[in-house]
Amino acid sequence: MVLLDLFVTYGPWAWFVTGLVLLALELVVPGGYFLWLGAAGLVTGLAAFVPGISAPWQITIFGALALLIVIGWTMATRNRKVTSDRPNLNRRAETFVGHEGVIDEPITDGFGRLRLGDSVWRIAGPDLAAGRKVRVIGADGAVLKVEAV
C-alpha cells in the first residue's frame, strides 16, 4: 500500500527514479535484467504523464512492459553464438585436437602419457607401446583421447 501511495503522490517522477535505480543496480548486479526493468520503469514514467492513467494502471503497464521486454531479450539472445578470436581459451586440452606426437609412457589399461607443447598429458586410447606415433582426436577434461597413426 505504501508503494501505491508513492506512485500516486509523485506520479511520473517516482517511475523515473525507480527506472534510474534499476539501471544503477545493473552496474552492481550484472546480467542484463535490471537494464530492461529500468527501461520499463522509464517508459512507464513517460506513460504516467498521460492524463487519466491511475497508479494501478501504471503498475500494470510497468509489469507488462517488464515481462515483454525481459522475455523478448531472453528469446533474442538465447541462441546467439559468441564469436571469439581465441575460442579455446581456458580449454587448453582442446587446442591439441589434431596434433600428433610420440607416446612417452605406453598406454596400458586404456591410459598412458604423451608430451605435447610444454606439458606431459595423460592420454586415453587403445593399448600401444611407448614410441608409437598417435593423433589427438578429442579431449575429456585434462585427458586427451588418441588413436594410432
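The values are calculated or read from the model by the stated rules, or taken from the named source; none is laboratory data. Owing to the predicted nature of the structure, the values given are computational and were not obtained by experimental measurement. With ideal geometry, Cβ positions are generated from the backbone for all residues, glycine too; neighbour counts draw on all protein chains shown.
Of all residues being within 20 Å of the chain's Cα centre (by Cα) and of a type in the set (Gly, Ala, Ser) in the range 4-37, which is farthest from LEU68 (Cα to Cα)? Just the residue, please.
GLY31
Among the residues of the range 78-88, are any within 30 Å of ARG135 (Cβ to Cβ) and surrounded by 12 or more Cβ atoms within 10 Å (Cβ to Cβ)?
yes
Which one is farthest from LEU68 (Cα to Cα) among residues in the range 38-56 that are at pLDDT 90 or above and of a type outside the set (A, V, I, L, M, F, W, C)?
Ranking the qualifying residues of the range 38-56, first place goes to GLY45.
Test LEU116 against the stated conditions and say whether it is assigned by TED's automatic domain parsing to the domain that holds PRO12 and either surrounded by 12 or more Cβ atoms within 10 Å (Cβ to Cβ) or more than 24 Å from the chain's Cα centre (by Cα) (or both).
no
Scanning for something among the charged types (D, E, K, R), over 25 Å from the mean Cα position of the chain (by Cα) and outside any strand (DSSP E or B), does the range 125-145 turn up at least one residue?
Looking for residues that are among the charged types (D, E, K, R), over 25 Å from the mean Cα position of the chain (by Cα) and outside any strand (DSSP E or B), one finds at least one in the range 125-145, hence yes.
Let's see how each residue does on (1) β-branched (Val, Ile, Thr); (2) closer than 23 Å to VAL8 by Cα; (3) surrounded by fewer than 17 Cβ atoms within 10 Å (Cβ to Cβ); (4) touching a strand residue (DSSP E or B) at 6+ places or on another chain (Cβ under 7 Å):
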| residue | (1), (2), (3), (4) |
| --- | --- |
| ALA40 | no, yes, no, no |
| PRO51 | no, yes, yes, no |
| SER54 | no, yes, yes, no |
| ALA64 | no, yes, yes, no |
| LEU67 | no, yes, yes, no |
| TRP73 | no, no, yes, no |
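Mind checking which residues of the range 54-82 are touching a residue at least 12 places away in the same chain (Cβ under 8 Å) and of a type outside the set (S, T, N, Q)?
Within the range 54-82, ALA55, PRO56, ILE59, ILE61, PHE62, LEU65, ALA66, ILE69, VAL70, TRP73 meet the criteria.
What are the residue pairs meeting all of these: first residue in the range 91-108, first residue assigned by TED's automatic domain parsing to the domain that holds TRP121 and among the polar types (S, T, N, Q), second residue part of a helix (DSSP H, G or I) and modelled with pLDDT of 95 or more, Cβ atoms under 9 Å, and 6 or more apart or on different chains?
Pairs found: none.
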